[in-house]
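The values are calculated or read from the model by the stated rules, or taken from the named source; none is laboratory data. All values derive from a computational prediction rather than experimental measurement. Cβ sites come from the backbone with ideal geometry, for glycine too, and all protein chains shown count toward neighbours. Side chains are part of the model used for accessible areas, which takes the heavy atoms of the whole protein and leaves out ligands, DNA and RNA. Shrake-Rupley method; radii C 1.70, N 1.55, O 1.52, S 1.80 Å.
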Amino acid sequence: MKNLGIEQQELQLSAWNVKRLSIMAIFIALSAVGALIKIPSPVGTIGMDSAPGFFSALAFGGLTGAIVIAFGHLLTAAVVGFPLTIPVHLYVALQMALWAVAYRWVNEKLGLIPAVIVGIVLNGVVSAFAMLPMMGMGGVLALLPFLVVGATLNVIISAVAYKAIKGSRLI
Amino acid sequence: METLENEKSQARAICLKNLSYRYPNAVEPSLKNINLDVEKGKFFLIMGSTGAGKTTLSLCLNGLIPQLLEGKLTGWVSVAGKDVGKTAVQSLSKVLGLVLQDPETQIIGRTVEEDTSFGPRNFLVPLEEIKQRVNQTLEKVRLQGYNDRLSEELSGGEKQRLAIAGVLVMEPEILVLDEPTSELDPVGRSEIYATLADLRRKKDLTIILVEHSSEELIYRADEVVVLNQGELVWRGVPSELFRNLPLLRQWGIKPLPVSQIGWDFYEKGWITLAEIPLDIPSAEGLIRELLPKYGRWQGHLQGQAQRQVQVPGQGFGAGQRKDGLFQQELDLSKKEIAVQIKDLNYQYNSDQTALRGINLMIEAGDFVALIGQNGAGKTTLAKHFNGLLKPTSGEVIIEGMNTLKYDTSDLSKTVGYVFQNPDHQIFSATVEKELEFGLKNAGFKGEEIKERVEQVLQYTGLERYRNVHPFSLGKGERQMIAVASILVLKPKVLIIDEPTTGSDWTGVQTMMALIRKLHTAGTTIIMISHDMDLVAQYAKRVIVLKEGGVLLDGTPKSVFSNEQILIDSAIVPPQLCRLSFQLEDILGREPFIESSEFTAMFESREQSGCL
Amino acid sequence: MFIEYLPGETLLHRLDVRTKMLGFFGFIIISFLFQDPKYQLLIVSLTGLLAFWIKIPLQKIRGMLIPLIPIIISIILITGFTFAPERFDHVSSQTILFYALPGEKLGATVGGFMMGSTFIFRLFGMMIASSVLILTTSMDDFTQFFQKMKMPVEVSMMLTTAIRFIPTLDKKRRQILEAQRARGTKFNEKGIIGSIRSYIPIMVPLFINSIMMANSLSMAMLNRGYGLTRTWTSMREIAFAPRDYWVMSFIVLLITLSFFVRFRLHLGVL
Ligand SMILES: Nc1ncnc2c1ncn2[C@@H]1O[C@H](COP(=O)(O)OP(=O)(O)OP(=O)(O)O)[C@@H](O)[C@H]1O
Ligand SMILES: Nc1ncnc2c1ncn2[C@@H]1O[C@H](COP(=O)(O)OP(=O)(O)OP(=O)(O)O)[C@@H](O)[C@H]1O
Ligand SMILES: [Mg+2]
Ligand SMILES: [Mg+2]
């Protein structure tokens, strides 16, 4: 009995934590892969890079979702060489993390459909205006349609997928 | 009391007492009251049908249940003297290494060396020692010199061996492997088994192996444990279990083909139970011994014997005539061609030629098996049939449609393709919706959809799961759903890529019965498989691929009679074929592929009056 | 691989990852100091030389640029029209070229267009610099860097695992795509609803497979002792060589010089 106690003390990460970590790692990787799924739209091709993050927020909790979406965004950006510069991408990543938490929170309080609307508004409209100091009104107007369509696709797909998978014993 | 238990378990590698476990959201327990002792240095085989609880049991052994998976666990597990319930999984990994089913997700490192050193690094083993251990371990699993290879670029068998290396490098006393060979070709499989045998000899390792197939393991394993619906139903020496065919059938374990012949003799009262053969030499000996006594072909000509079997109950001359007639019929039916391939070459972007100079013609209504070692190009060829891949040069014509001119979605109405992993296509919340999806894509409406779904649900026996979420079913059922979702489209040509990997024997039988039913109804079947017994039993034509080209092409009998060529391309002919090579002086050149053919040699002994 | 490492033996390859990181941040600072497109052009050309030195694959650059074209055009245009003349220090920049609307409304300033060009050059420079950094630094070096920066081990483990699994998941993506195409899924449906309908069959299996993969990954990690201790044996210690000190001094010098030019000489503003 005694030496068992010692072994428990040595342990740094419980099994549950390791599971959380591997879920985050896999879904971060999935964000980068999602960026390769190119959906054609009138405003250009849209990637599925934030859907994994939004999905994780619903399925595994706000914090997990926030981490996945933020690191997912950074990793996706890193792959193409940080097109909007590293500081801007950090700023975007932080915003996305907030949106993921909000998405989860509204889903808990009001249900999935309000959450979807909030998600689209935050990630589409608010995110575009958040670029004002960086790119000026020009950048904002150029980004707005792209972000709104992107947010709509990513948020809705994450919600539909969550509904489809919830009934199984996976989550 | 507890100390006594502990002392007793010191000598044992594994000790289970009244172990029961129920998954968090399951109704039935998956393990029921299991008691088992495994002595140090033994090689145990765990067998049982799908869902019997084999994986669950192995997860209990290293504490993943209940530390990672919650649920209700009662009873007591001790491994190498440690109480599993009270020791962290991570510490246990030093004494018990568990290799899981899918190698892909167990490889954590980017390169072979990085992956192998992952375990020791967590235990803060000094760098120099890690280097040394890694090299030693890689040598043990025959991956020496692979240190800097990217793990992503390894072949299936290499990945499997790397997964074993990853736990071996931590120098455990006990190694538990959960179906480590399910996707490998026969030669790759033998290599893994040989590796295990090596390890056991050199390191006195206790080995617990979960497997569905058994031919090579019977003499390697010390004991077999059979699980059935979560209960431990049998324990003993393998040879005893494999001689008892009714028991095997009851538990859904595949019997050895040669023992099937032996069982027949046993039922006739010619031999005792203990004499039932389990390998080729003993079966050969037995047949040679019994043939003069009970067989009716003693003294007959070889050629005669052969034809007699093909057309049982017919005289010599009649058989020949029938053969000729059959030939003519073939000529007539050649008019309808399902697949025609001309000078097909295919190259993946990474300038690696996967197919070279393939010319093939497949008749409508045929049952073709594509075989060949891992990486021979079977899947690559099959993907050309429905236009998923377009030829680099040459052309593929399916039911009159050139795949270059049609999109896969158009071809999908004619060519059905069932992939190996059902989880790549299932996405709906109920089985019924999953089946409707393909029909909606094909543009069918309301009533028609309902009717077809209904029909296929009945045909495949999935009716009772109609409103169930596919992912609350077992893998075997999901495989069936994947097949059903293709069948609703009523394809004329059906391609099935390794439909039975990881299924138990009962599952294999159900699946093959379904495929045979479709074949009889006129569907052209193209099946890719590593299971040579199935190929021999079901296919009408066998095509062997090697390094992207066609090596052999013909009826199962003619293909499997080229033993040497097959072995050079990593294919081991079915056991019964090998048996008939041994008996070549009696049976002639053409091998037998079904046990009934062997027993037929003895059938009409009363008529021939040999007694 | 997804994030390629371009093997080579140039100085850039051999430099310590920390030196390269310093260089990269120095580059960002300098690039944000100057507004004048001429200066930006100079910076871009210099980074271009670095890229040329390590023989960067050209089609990679092209692949990165093409998706950005619409944004580039709109940034130039809209910046040109929306930057009010008062925002520029120099008189020449305040000149108004023409008005977009009658009644002297929405004037396009010279400075506005120049500012637009600066944005664009800055973007190019960033892209090239990031690529150079990523292409000459191996994954191991980045992991070491995270550790040296005292990032928690969990984070660096999470990131390295994520990167390791990108190719595996990408393979899954391709397999799922093939499986659904074989069932007749079409990917050219119109409108947002159409797009959602045709991509659900891809995304749902992808999520499901990811969850299953994460489950067995956590088992595999536990099986191999992960989490027992908070540190692990380092496979290779990174260390500064003399060349690193030389290069670092050079970078610091360059940054100081830029500050001098910008704030003492007041050059490079608009
Ligand atoms: N996560 C889970 N939640 C609930 N039930 C589960 C879970 N995993 C497995 N089961 C159930 O537990 C039983 C035993 O499953 P297990 O995976 O141990 O079978 P197995 O013998 O390994 O089968 P196979 O040969 O298919 O690998 C099955 O009935 C299965 O449906
Ligand atoms: N997407 C791909 N890109 C590059 N090469 C590939 C790809 N898929 C397969 N290959 C290569 O083409 C060859 C043939 O592969 P294929 O998958 O057709 O083999 P197979 O006969 O189906 O093997 P298995 O029995 O393992 O399924 C192999 O050498 C493989 O490495
Ligand atoms: Mg199992
Ligand atoms: Mg294959």
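For the pairs B:Lys140/B:Lys475; B:Lys445/B:Lys492; A:Lys19/C:Lys172; B:Lys383/B:Lys557, flag any whose C-alpha to C-alpha distance is greater than 23 Å.
Numbers: B:Lys140/B:Lys475 33 Å; B:Lys445/B:Lys492 21 Å; A:Lys19/C:Lys172 21 Å; B:Lys383/B:Lys557 27 Å.
Over 23 Å Cα-Cα: B:Lys140/B:Lys475; B:Lys383/B:Lys557.
Derived scalar couplings between HN and Hα for segment B:240-254 equal 5, 4, 6, 8, 9, 4, x, 5, 4, 4, 4, 9, x, 9, 6 Hz in order, rounded to whole Hz, by the Karplus curve 6.51 cos²θ - 1.76 cosθ + 1.60 (θ = phi - 60°), x for Gly and Pro.
Let's test the formula: R0 of 60 Å, r as the Cβ-Cβ distance of B:Gln250 and C:Arg174. What FRET efficiency results, to the nearest 0.05? Let's see the in-between values first.
On the way: r = 42 Å, r/R0 = 0.70.
The formula returns an efficiency of 0.90 here.
Taking amide H positions as placed 1.01 Å from N in the peptide plane, with prolines and chain starts having none, which residues 5 or more places from B:Tyr417, or on another chain, fall under 5 Å of its amide H? Counting only residues 5 or more places away or on other chains, the set is B:Ile495. For chain B, the longest principal axis of the C-alpha atoms and the axis of helix B:257-268 are separated by about 80°.
Beyond 17 Å, what share of the Cα-Cα pairs of segment B:495-560 is found? Please give it as a whole percent. Intermediate values should be presented prior to the final figure.
Numbers: 907 of 2145 pairs.
Across segment B:495-560, Cα pairs with separations above 17 Å total 42 percent.
Both radii were evaluated on the Cα set of chain A; the Rg over Rh quotient, with Rh as the Kirkwood radius, amounts to 1.06. Taking 7 Å steps out from each Cα toward its Cβ at C:Ser92 and B:Gln136 produces label points 7.5 nm apart.
On a 0 to 90° scale, report how tilted helix B:316-333 is relative to the longest principal axis of chain B, with both axes built from alpha carbons and the result rounded to the nearest 10. The answer is roughly 90 degrees.
Each of B:Ile567 and B:Met361 was given a label point 7 Å from its Cα along the Cα-to-Cβ line. The distance between the two points is 3.5 nm. In the context of the full set of protein chains, residues of segment B:471-611 present 35 Å² of accessible surface per residue (probe radius 1.4 Å, heavy atoms only). In this structure the amide hydrogen of B:Val176, modeled in the peptide plane, comes within under 5 Å of the amide hydrogens of B:Gly97, B:Leu98, B:Val99, B:Ile208, none closer than 5 places in sequence on its chain. Give me the percent of the accessible area of chain A that comes from carbon and sulfur atoms, probe 1.4 Å, all protein chains in place. Roughly 70 percent of what the probe reaches on chain A is carbon or sulfur. With a 1.4 Å probe and all protein chains left in place, how much of the accessible area of chain B comes from carbon and sulfur atoms, in whole percent? The computed percentage sits at 48.
Counting only protein heavy atoms and a 1.4 Å probe, tell me what percentage of segment C:152-227's accessible area is made up of carbon and sulfur.
Details: 1200 of 1980 Å².
Carbon with sulfur: 61 percent of the solvent-accessible area.
Considering Cα pairs under 8 angstrom that are at least six residues apart, work out the relative contact order of chain B and quote it in whole percent. Relative contact order comes out at 14 percent.
Could you tell me the calculated FRET efficiency between B:Glu289 and B:Ala521, based on Cβ-Cβ distance and R0 = 45 angstrom, to the nearest 0.05? Walk me through the intermediate numbers first.
Numbers: r = 44 Å, r/R0 = 0.98.
Computed FRET efficiency for B:Glu289 and B:Ala521 comes out at 0.55.
Each residue of segment B:132-140 was assigned a 3J(HN,Hα) from its phi angle through the Karplus curve 6.51 cos²θ - 1.76 cosθ + 1.60 (θ = phi - 60°); the sequence is 5, 4, 4, 5, 4, 5, 4, 5, 4 Hz, with glycine and proline shown as x. Scoring C:30-37, A:110-117 by mean Cβ neighbours within 10 Å over their residues and listing the highest first yields C:30-37, A:110-117.
I'd like the mean, over residues of C:185-193, of how many other protein chain beta carbons sit within 10 Å of each residue's own Cβ.
Details: counts 8, 5, 5, 3, 0, 2, 2, 8, 1.
Per residue, the average neighbour count from other chains is 4.
Helical content of chain A, expressed as a calculated mean residue ellipticity at 222 nm, amounts to -24500 deg cm²/dmol (DSSP H runs of 4 or more residues, -39,500 (n - 2.57) each, divided by residue number, nearest 500).
Rule-of-thumb check for chain C: C-alpha Rg over 2.2 N^0.38 Å? Spell out each step's value before the answer.
Details: Rg = 24.4 Å, N = 270, 2.2 N^0.38 = 18.5 Å.
Here the answer is 1.32, to two decimals.
Each stretch of four or more DSSP H residues adds -39500 (n - 2.57); spread over every residue of chain B, this sum gives -12000 deg cm²/dmol at 222 nm.
Stretched out fully, how many nm does the piece from B:Ala274 to B:Ser596 gain, at 0.36 nm a residue minus the Cα gap?
Contour length minus the Cα-Cα distance gives 113.8 nm.
Available extension along the chain between C:Lys38 and C:Arg197 is 52.4 nm, counting 0.36 nm per residue and deducting the alpha carbon span.
In segment B:337-573, what percentage of the DSSP-assigned beta bridges are antiparallel, given to the nearest 5? In segment B:337-573, approximately 55 percent of DSSP beta bridges are antiparallel ones. Paramagnetic label reach from B:Glu448 (point 7 Å along Cα→Cβ; backbone nitrogen cut-off under 19 Å): within segment B:414-436, residues B:414-416, B:433-436.
Summing both sides, the accessible surface hidden between B and C at a 1.4 Å probe radius is close to 5000 Å².
Under a 5 Å amide H cut-off, with hydrogens placed 1.01 Å from N, A:Ile46 pairs with A:Ile39, A:Ser41 among residues at least 5 apart or on other chains. Taking only the Cα atoms of chain B, the ratio Rg/Rh comes out at 0.98, with Rh defined as the Kirkwood radius.
If a helix is a whole DSSP H run, which ones in chain A reach 20 Å or further along their own axis (Cα) and hold a mean Kyte-Doolittle hydropathy of at least 0.5? Each step should come with its number before you reach the end.
Numbers: long enough: A:15-34 (28 Å, 1.33); A:62-79 (25 Å, 1.83); A:86-109 (35 Å, 0.57); A:132-166 (42 Å, 1.60).
Membrane-span-like by this rule: A:15-34, A:62-79, A:86-109, A:132-166.
Among the residues of B:419-432, the average count of other protein chain beta-carbon atoms within 10 Å of the residue beta-carbon is 6.
Would you mind giving the total buried accessible surface between chains C and A, with a 1.4 Å probe and ligands, DNA and RNA left out, rounded to the nearest 100 Å²?
Numbers: alone 17710 and 9830 Å², together 22450 Å².
About 5100 Å² of accessible surface is lost on pairing.
A simple rule links phi to the HN-Hα coupling: the Karplus curve 6.51 cos²θ - 1.76 cosθ + 1.60 with θ = phi - 60°, which for segment B:155-163 gives 7, x, x, 5, 4, 4, 5, 5, 4 Hz, with x for Gly and Pro.
First measure r as the distance between the Cβ atoms of B:Lys72 and C:Lys148, then evaluate 1/(1 + (r/R0)^6) with R0 = 56 Å and state the FRET efficiency to the nearest 0.05. Could the numbers behind the result be given before it?
Details: r = 46 Å, r/R0 = 0.82.
For R0 = 56 Å, the calculated efficiency reads 0.75.
Taking both sides together, the accessible area buried where B meets A is about 1300 Å² for a 1.4 Å probe. Protein heavy-atom accessible surface, 1.4 Å probe, per residue over segment C:152-227: 26 Å². Only aspartates and glutamates eight or more places from B:Lys293 in sequence, or on another chain, were considered; those with a Cα closer than 13 Å are B:Glu603, B:Glu606.
How are the Cα pair distances of segment B:337-573 distributed, in percent, across 5 Å bins from 0? Result, from short to long distances: 1, 6, 14, 18, 19, 17, 12, 8, 4, 1, 0, 0 percent. Between 0 and 90 degrees, the angle of helix C:242-259 with respect to the longest Cα principal axis of chain C falls at about 40 degrees. Per residue of chain C, the DSSP helices (runs of n ≥ 4 H) give a summed -39500 (n - 2.57) that works out to -22500 deg cm²/dmol at 222 nm. Based on Cα atoms of the protein assembly as shown, Rg over Rh with Rh as the Kirkwood radius reads 1.02. Comparing the full protein assembly with the isolated chain (1.4 Å probe, heavy atoms, ligands and nucleic acids excluded), the residues of segment B:443-482 losing at least 20 square angstrom of accessible area are B:His469, B:Phe471, B:Ser472.
The mean count of C-beta atoms from other chains within 10 Å of the C-beta of residues in B:123-130, rounded to a whole number, is 3. Modelled this way, with points 7 Å down the Cα-to-C-beta line, the labels at A:Leu141 and B:Lys413 are 4.8 nm from one another.
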